[in-house]
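None of the figures in this text is laboratory data; all of them are computed from the coordinates on show. The structure presented is a predicted model; accordingly, all values stated were derived computationally and were not measured. Note: ideal-geometry Cβ built from the backbone for every residue, glycine included; neighbour counts use all protein chains shown.
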Amino acid sequence: MIIPGVVFMIIFNLIPIWGLVIAFKNYTVTDTMASAPWVGLDNFKEIIGDQMFWQSVVNTLAISFLKLLIGFVLPIIIAVMIFELKDGPFKRIVQTISYMPHFLSWIVLGGMLISWLSTTGLLNQVGEMLGLIHHAQNQLIEPSKYWWIATLSDVWQNAGWGTILYLATMSKIDPTYYEAAQIDGASRMRQIWSITLPGISEMIGLNMILTISGLLNSNLDQTLVLMNTQNTAKAEVINSYVYRIGLTQGNFSYATAVGLGISVISVVLLVFTNKVAVKLNDDRQIL
């Protein structure tokens, strides 16, 4: 049963590692990886002086940190609220509604956002009705607002889906703990704080590791849909920069060097965050 997964990993994850060699070469479409001239670390030196790359790093980190602050905590809060509901139709409806955005592609979600944020869109209409907006404008062409648009739209899509692992972990907590707490007179908030949250601490640690290790990876689909000529200065992230330099401009070696550098930093973040998470979980190994 695992053979298809192993074959998939070999084809799409192990074999392509050989392609990283072009980060140290001047590779073009007329070359092979063997015949392309070797340039050593020249591509990496070029990265250091590339202002557009560093701007994409700033945008990536800003959006990722906002997603971390909001998108990491919100699924925990939603999961606890759903867990506290009594089993029944209302609980199932809430879960279904919270999951739904995850199954919509960014082509669909992006089209909805472009429509809602346009000059005559839903946001401006509601804002004018409430007296919060006096001059309607297209929100997506305002660079200063893009980080928040990218963050909140990503959280909207993934927050509900992110509750699944937490709810599965909560369902395994021994119910006698809650019964004992009720006998001792513990309130619902005290039970959540002293039983529910410690019960999912390892899952929180695992998600924290995966989230922080991916700080330099942004949602490429989201960026390609929402980015336009007016907001590029704040919307260009590392993944879209690599895509544009590598595939649209044909600078494969430089794009590979950027991707390799980001991957190395991500591994360092993964190891560091794992050590921190182990310390926070009383030296219990998570990964």
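Brief remarks follow.
- Max-minus-min Cα coordinates of region 171-241 on each principal axis give 62, 21, 16 Å, with the largest extent listed first.
- Considering helices alone, the calculated mean residue ellipticity of the chain at 222 nm is -18000 deg cm²/dmol, with DSSP H runs of length four and up weighted by -39500 (n - 2.57) and normalised per residue.
- Across the chain, the fraction of Cα-Cα pairs farther apart than 27 Å, rounded to a whole number, is 56%.
- Axial C-alpha extent at least 24 Å, average Kyte-Doolittle at least 1.0 - helices from the chain (DSSP): 51-71, 252-280
- Alpha carbon convex hull of region 1-100, volume per residue in cubic angstrom: 203 Å³
- For region 1-102, a crude dipole built from +1 on the beta carbon of Lys and Arg and -1 on the beta carbon of Asp and Glu, taken about the Cα centre, is about 400 debye to the nearest 20.
- Under 5 Å, built H, 5+ apart or other chain: amide partners of Lys25: Val39
- Compactness ratio for region 178-287: Cα radius of gyration over 2.2 N^0.38 Å (N = residue count) comes to 1.61.
- Remark: the chain carries a charge dipole of roughly 160 debye about the Cα centre, counting +1 on each Lys and Arg Cβ and -1 on each Asp and Glu Cβ.
- Reachable lysines, given that their alpha-carbon falls under 19 Å from the alpha-carbon of Lys25 and they are not under 8 places away in the same chain: Lys45
- Cross-link partners of Lys91 among lysines (Cα-Cα below 27 Å; sequence separation of 8 or more within a chain): Lys67, Lys172
- Each of Val94, Gln137, Gln230 was scored by the projection of its Cα onto the charge dipole of the chain, and the greatest displacement toward the positive side belongs to Val94; charges sit on the C-beta of Lys, Arg, Asp and Glu.
- Loop trypsin sites (Lys or Arg not before Pro), region 1-107 (other Cβ atoms within 10 Å of the site Cβ: 15 or fewer; DSSP): Lys86
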